Structures are given as C-alpha cells and as structure tokens.
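J.: The structure that follows is given in the form of structure tokens.
The values are calculated or read from the model by the stated rules, or taken from the named source; none is laboratory data. Because the structure is a prediction, the values reported are computed rather than measured. Cβ atoms come from the backbone with ideal geometry, glycine included; neighbour counts cover every protein chain shown.
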Amino acid sequence: MELQPIIKWAGGKRWLVRKGSELFPTEFENYIEPFLGGAAVYFHLKPERALLSDVNAELINVYVAVKQDWSKVVSLLREHQRMHSTEHYYKVRDQRPHTIYTMAARTLYLNRTCWNGLYRVNLKGNFNVPIGTKNNILLDIDSFADISNLFENTKFVVSDFEPIIDQAQAGDFVFVDPPYTVKHNYNGFIKYNENLFRWEDQVRLKDAVVRATARGAKVLVLNANHESIKSLYAGFEQVTLSRSNVLAGKSEFRGVYQELAIKCW
C-alpha cells in the first residue's frame, strides 16, 4: 500500500516519488532525512528504521503525536471538521494549544484548510496564511493507523541538518532536500521558512554530505538546477529532473521547473 503524506509542505516531493523513484537505492540499512517536510519519500520507501528531522518543531510535533496516539489526533480533527467555518479557522489560527495532540490537530487542520496548504509564519513566528477553499479535514486517503505503525521504529528530532547527517554510517541512505538557495540569488522557497537558508548553509551541507559518503553512506541530494549548485557538487553524478510548481499565487510564476538530483554513492 502506498502511504500518502498527511501534511502538505512547500517543495514537497510527491512528484519525485511518481517520476523519479529509480533514483532511490533498492537496499539500505537506516533511512535518514534531515529536511523532512511532508515526508513523501519516507512514506514511499516505508523503511524499517529511520531518523527523520526538521528545524520546524511544529511539523515534527505532528509526526510525534501521530506516532504516540494517532486516534487522539483523529478525534480532534473530527471536532475541527464539525466546527469548520471561516470564524473557526481564524479562531484556531490565533490559538496556542498546550498538548502535543491539540498542537498537532491544529497544525493539520490549518494545513488542510488554509490557502493552498501553505505553511508560512511572520517575523514573530505566528502562522498567518488566510483560509482557503477546501473544507475536508479528514480525507479518504488518510491512513493514520498504518502510518503510526510505520513510525514504530522511526525517531523524530528537531534539529539542524548537520548533526543528523553526521550520524549516517556505511549502508545507510540519506535523502537530502534543502531549501533551494543558490549563490547570488534569493530563491522563492526561502520565504516560506522562519529561518533563512543561506549559501553558507549550502556549503556546510555539501561538506556534511561528503563526510557521510566517506563513511560509506548513500546520499541523494535534490537541489536547484543552477550552475553554483552543479559546481558545488562537482565530481558526483548529476541528473536533471522536471517538476511542476502550482504553489505560486500568480499564474505567471507557475509552470515547469527543473531540479537537480545528485547521487552521492
């Protein structure tokens, strides 16, 4: 069964699972993903053991809550479904729940009913996306029970990418999908993140990837198809991929974009 992501995230890799699954190794020990987001690749591979992280604590909390007690999360989502309205949306958006389950249900509710499933916060860290047009909070494709079972041998961590990649050992598979910062250019994906991802972070990421491959890990990096990235990862196999971008609010910014897959093994 193909498990579907439970949360929509900017730069999600559902398209990669559909079009580029041949890029993934067929055998590996532990699966490691330091920029988790919607976790499309993880749900596709369904690894027996995994270490998953992201700097976004609210995102990681969703997965931890589902792992610990998915039924509590679903029960709270049913209540949001019953109450859903424009008034309820903005009331929930202004709330600050105190338990992992109410926080997770709030995140999922807002993600599924806000404009285009976009996660965006202001400078104070407050979620500020307006309500969208979708009204379904619980979906037919949801498999919370199966996902919770998959999470049994998965560890979730709120962390910078470097210490996570540094845990990769021989035979492990690391999937790396950072914000697409390029040299001398402000990339659109950065503005969806509370913390800016700088070019210096791209260099630090490449160094962590090189260290991991030296230990025998298999690393697949998805990044911008840009000369600065190609030069940064010179010496590794590079494959150009195409994807569609439907997240942009204005039609002139939508279309087909190219990304770079870098195989480091």
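J.: Considering only the range 111-126, how many residues are touching a helix residue (DSSP H, G or I) at 6+ places or on another chain (Cβ under 7 Å) and crowded, with 21+ Cβ neighbours inside 10 Å?
T.: Final tally of qualifying residues: 3.
J.: LYS67 fails exactly one of the following numbered conditions: (1) in the same structural domain as ILE137 (by TED's automatic domain parsing); (2) at pLDDT below 95. What is the number of that condition?
T.: The one condition LYS67 does not meet is (2).
J.: A follow-up question, please. Against the conditions (1) modelled with pLDDT of 95 or more; (2) surrounded by fewer than 13 Cβ atoms within 10 Å (Cβ to Cβ), where does PHE151 fall short? Just the number, please.
T.: (2)
J.: In this structure, does PRO5 turn out to be touching a residue at least 60 places away in the same chain (Cβ under 8 Å), within 17 Å of the chain's Cα centre (by Cα) and crowded, with 20+ Cβ neighbours inside 10 Å?
T.: Details: touching a residue at least 60 places away in the same chain (Cβ under 8 Å): no; within 17 Å of the chain's Cα centre (by Cα): yes; crowded, with 20+ Cβ neighbours inside 10 Å: yes.
In short, no.
J.: Failed condition for GLY216, given (1) under 17 Å from THR181 (Cα atoms); (2) surrounded by fewer than 21 Cβ atoms within 10 Å (Cβ to Cβ), with all others met?
T.: GLY216 satisfies all of (1) under 17 Å from THR181 (Cα atoms); (2) surrounded by fewer than 21 Cβ atoms within 10 Å (Cβ to Cβ) except (1).
J.: Exactly one condition in (1) on the phi > 0 side of the Ramachandran plot; (2) not acidic (Asp, Glu); (3) not in a loop (DSSP other than H, G, I, E, B) is false for GLY171; which is it?
T.: Checking GLY171 against (1) on the phi > 0 side of the Ramachandran plot; (2) not acidic (Asp, Glu); (3) not in a loop (DSSP other than H, G, I, E, B), the one that fails is (3).
J.: Is it true that VAL41 is surrounded by 22 or more Cβ atoms within 10 Å (Cβ to Cβ), in the same structural domain as PHE24 (by TED's automatic domain parsing) and at pLDDT 95 or above? Explain how you work it out, then say what you get.
T.: Numbers: surrounded by 22 or more Cβ atoms within 10 Å (Cβ to Cβ): yes; in the same structural domain as PHE24 (by TED's automatic domain parsing): yes; at pLDDT 95 or above: yes.
Yes.
J.: Just to check your reading of the model, which residue among VAL73, VAL55 is of a type in the set (A, V, I, L, M, F, W, C) and either closer than 27 Å to ASP166 by Cα or at pLDDT below 95 (or both)?
T.: VAL55
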